[in-house]
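Asks: Below are the structure tokens for one structure; questions will follow.
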Amino acid sequence: MDSLIEVNNLTKVFKEKDRVITALKNVSFRVKSGEIFGLLGPNGAGKTTTLRIISTLMVPTEGEVTVKGYNTVTDSQKVRSSLGFLTAEMNLYDYFTVRELLEFFARVNGMPGTETEKRIPQILKQLGLEEYADRRVDNFSTGMKQKVSIARALLPDPPILIFDEPINGLDIMAARVVTRLIEQLRDRGKSIIVSTHNMTLAESICDRLGILFDGELIATGSHKDLSGQTGEERLEDIFFKLVGEDYELDQN
Ligand SMILES: Nc1ncnc2c1ncn2[C@@H]1O[C@H](COP(=O)(O)OP(=O)(O)OP(=O)(O)O)[C@@H](O)[C@H]1O
């Protein structure tokens, strides 16, 4: 199957007491097998909302998403078993060691004991966490904690990984480690969606990008495609060309 994830005409409206927020307006895109697809947009553009709907954590107001052909609302269990979702708000239970934490989440996921025994050493090795396995997470740096969160998301070995702002709050060293890790996962055959407002991250690792702005997907394609559409080389220039100069001026 070429398109692993199909997002069709997604609209999400939040109704609050005194106002209505349209977080997504008719958003459609495809994620292909084995690629890193980047959702790029400023704060409030609708990235997290899109990722939450894909991950079955939220239902759309209109439109639909299918993951491996399964609808995220009517077949949510099947969708959930195919993907790992990583957000900044992930709770790591600081008083656990890395190993205890992975064992805990394996049990929560209903993973059989024999599989857990096999899987945990594999993940520790894959992420270079072996020597930290029996240390408590609370003393770890932000970058190391992010690695442990990724280990947790990888535990069930899902074919699809969804990373919401994976390098937010990380220093350049930690950001590089996480960035390399995401690339390695793609090279091992995972399909990945990354949301970010970081142009450098988007430019360096994404095979294709969707540019989200004010709830609308204003462009989709590879860096080369977007460059061809706008006549600009740098992603930052492409972005501002697409959203308009007025927005650029408003930011200054
Ligand atoms: N549960 C909610 N209730 C009401 N409004 C919400 C809710 N979740 C998101 N929103 C609003 O929807 C819009 C899109 O939010 P979203 O979090 O998807 O953006 P984002 O691109 O991920 O930005 P950020 O990086 O700031 O999280 C924002 O205006 C936000 O305030």
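Asks: How many of the residues in region 69-118 are of a type in the set (Asp, Glu) and within 20 Å of Leu161 (Cβ to Cβ)? Break it down stepwise before answering.
Replies: First, pick out the residues of region 69-118 that are of a type in the set (Asp, Glu): 75, 89, 94, 100, 103, 115, 117.
Among the residues that remain, those that are also within 20 Å of Leu161 (Cβ to Cβ) are: 75, 89, 115.
Qualifying residue count for the region: 3.
Asks: Starting from region 40-58, keep only residues that are under 17 Å from Ile5 (Cα atoms), then list their pairs with residues that are more than 6 Å from the ligand (Cβ to nearest atom) and of a type in the set (Lys, Arg) whose Cβ atoms are within a distance under 7 Å, requiring at least 6 positions of separation or different chains.
Replies: Every condition considered, the pairs that remain are Thr49/Lys12; Ile53/Lys12; Thr56/Arg80; Met58/Arg52.
Asks: Something else about it: Just to verify a result, which residue in region 2-17, among those that are among the charged types (D, E, K, R) and within 10 Å of the ligand (Cβ to nearest atom), is surrounded by the most Cβ atoms within 10 Å (Cβ to Cβ)? Talk me through it step by step, then tell me what you get.
Replies: Quick first cut of region 2-17, residues among the charged types (D, E, K, R) only: 2, 6, 12, 15-17.
Among the residues that remain, those that are also within 10 Å of the ligand (Cβ to nearest atom) are: 12, 15-16.
Details: Lys12: 22, Lys15: 9, Glu16: 7.
Taking the candidates together, the pick is Lys12.
Asks: Right, something else. Listed residues Glu115, Glu100, Glu35; which is under 19 Å from the mean Cα position of the chain (by Cα) and among the acidic types (Asp, Glu)? Talk me through it step by step, then tell me what you get.
Replies: Values: Glu115 fails: under 19 Å from the mean Cα position of the chain (by Cα); Glu100 fails: under 19 Å from the mean Cα position of the chain (by Cα).
Just a single option satisfies the conditions, and that option is Glu35.
Asks: Considering each of Ile192, Ile205, Ile172, Ile182 in turn, give the residue that is free of Cβ contacts under 8 Å to residues at least 24 places away in the same chain and more than 16 Å from the ligand (Cβ to nearest atom).
Replies: Values: Ile192 fails: free of Cβ contacts under 8 Å to residues at least 24 places away in the same chain; Ile205 fails: free of Cβ contacts under 8 Å to residues at least 24 places away in the same chain; Ile182 fails: free of Cβ contacts under 8 Å to residues at least 24 places away in the same chain.
The match here is Ile172.
Asks: Could you run through region 48-69 and say how many residues are among the hydroxyl-bearing types (Ser, Thr, Tyr) and surrounded by fewer than 16 Cβ atoms within 10 Å (Cβ to Cβ)? Lay out the reasoning, then the answer.
Replies: Here is the first cut: in region 48-69, the ones among the hydroxyl-bearing types (Ser, Thr, Tyr) are 48-50, 55-56, 61, 66.
Add one more test, that the residue is surrounded by fewer than 16 Cβ atoms within 10 Å (Cβ to Cβ), and what stays is 61.
Qualifying residue count for the region: 1.
Asks: Could you check Thr66 against (1) within 29 Å of His223 (Cβ to Cβ); (2) modelled with pLDDT under 90 and say which number it fails?
Replies: (2)
Asks: Let me ask something else about it. What are the residues in region 74-126 that are in contact with a Phe, Trp or Tyr (Cβ under 7 Å, 6 or more places away or on another chain) and farther than 24 Å from Gly169 by Cα, if any?
Replies: Lys78, Val79, Phe104
Asks: Return a yes/no flag: does region 87-105 have any residue that is under 30 Å from Val59 (Cα atoms), touching a helix residue (DSSP H, G or I) at 6+ places or on another chain (Cβ under 6 Å) and modelled with pLDDT of 90 or more.
Replies: Checked against the condition, which is being under 30 Å from Val59 (Cα atoms), touching a helix residue (DSSP H, G or I) at 6+ places or on another chain (Cβ under 6 Å) and modelled with pLDDT of 90 or more, region 87-105 yields at least one hit.
Asks: Looking only at region 37-47, count every residue that is within 13 Å of Ser191 (Cβ to Cβ) and crowded, with 23+ Cβ neighbours inside 10 Å and tell me the total.
Replies: Within region 37-47, the first condition is being within 13 Å of Ser191 (Cβ to Cβ), and the residues that meet it are 37-38.
Filter once more, keeping what is crowded, with 23+ Cβ neighbours inside 10 Å: 38.
Number satisfying all stated conditions: 1.
Asks: Within 19 Å of the chain's Cα centre (by Cα) and within 16 Å of the ligand (Cβ to nearest atom): which single residue out of Ile167, Ile160 fits that description?
Replies: Working: Ile160 fails: within 16 Å of the ligand (Cβ to nearest atom).
Result: Ile167 is the single residue among Ile167, Ile160 that is within 19 Å of the chain's Cα centre (by Cα) and within 16 Å of the ligand (Cβ to nearest atom).
Asks: Does Arg119 fit the bill of being more than 27 Å from Thr220 (Cβ to Cβ) and modelled with pLDDT of 90 or more? Please lay out each step first, then the result.
Replies: Details: more than 27 Å from Thr220 (Cβ to Cβ): yes; modelled with pLDDT of 90 or more: yes.
Criteria met by Arg119.
The values are calculated or read from the model by the stated rules, or taken from the named source; none is laboratory data. Only a predicted model underlies this, so the values are computations on that prediction, with no experimental measurement involved. When we count neighbours, we look across all protein chains shown, and the Cβ atoms used for this are built from the backbone with ideal geometry, even at glycine.
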